[in-house]
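The values are calculated or read from the model by the stated rules, or taken from the named source; none is laboratory data. The shown structure was predicted, so the numbers you read here are calculated from the model rather than taken from an experiment. No Cβ is skipped: glycine too gets one built from the backbone with ideal geometry, and neighbour counts run over all protein chains shown. Heads up: the accessible areas ignore ligands, DNA and RNA and are worked out on the full protein's heavy atoms, side chains in. Shrake-Rupley method; radii C 1.70, N 1.55, O 1.52, S 1.80 Å.
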Amino acid sequence: MSRGTVREALLLLQEEGLVHRMAHRGTVIADCRAEDAKELIRLRHGIECRGVRRAMARQGKGLADVLRHHLGAMQDAAAAGDEYLLSVHDRAFHAGLFEQADLPPVQPVLARCLIHAHRFKILHPEQQRDLLETANRHQVIIEAVAAGDAYAAVDALSHHITTIMDCGPSVLGSGA
């Protein structure tokens with residue numbers, strides 16, 4: 001593999017916050033700290049909860065069909081015991097939902113929040129749930145979207161995001 005290819009790969013990983021490059025010293029894997037994960041969940045919460053309202057206003061109840069497709073893929077990955085594939089489809093569910101909000105400059109911020117939340121969960125086994133339970137936690141979001149109830153969708157999404165880690169809704173603190 002050429003040095004240019006390796007350099008490009010490392011630059012992409014750095015852009016995602018997964019590695020730290022230090023001039024003349026090399027590259028190291030970025031820490032995966034609970035404080036970082038909590039802050040990214042706070043950002044994610046704000047982005048996604050505002051985005052779901054906008055997505056529903058633009059796409060209506062048809063948005064639920066797209067989400068059901070992602071849920072099916074998550075359930076298949078869970079049944080196969082493939083935690084990584086489940087995380088790929090979980091991110092696709094949330095990114096696909098937000099994509100319908102049509103806010104392209106914000107999408108990379110959400111993508112970074114999603115990647116780091118999943119990374120934290122995978123690297124900290126005490127944060128794990130049954131894989132099928134993890135997939136099925138998305139059903140209530142789909143039901144609210146299918147019903148066309150934006151308030152219920154925001155509530156369901158808010159609960160889903162704030163209970164990703166075992167710190168509950170308190171992750172938002174008083175400044176939410």
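Multiplying the sequence separation of residue 28 and residue 122 by 0.36 nm and subtracting their Cα-Cα distance, what value in nm do you get? List each step's numbers first, then the result.
On the way: separation 94, 0.36 × 94 = 33.84 nm, distance 1.89 nm.
So the extension gain works out to 32.0 nm.
FRET efficiency for residue 149 and residue 82, Cβ-Cβ distance as r, R0 = 30 Å, nearest 0.05? The partial results should precede the final answer.
Values: r = 33 Å, r/R0 = 1.08.
Once the sixth-power term is evaluated, E becomes 0.40.
Ignoring any ligand, DNA or RNA, what whole percent of the accessible area of the chain comes from carbon and sulfur when the probe is 1.4 angstrom?
55 percent
With the other protein chains left in place, how much accessible area per residue, in square angstrom, belongs to segment 40-155 at a 1.4 angstrom probe? Before the final figure, lay out each step's value.
Working: 5590 Å² over 116 residues.
Accessible surface, normalised per residue, equals 48 Å².
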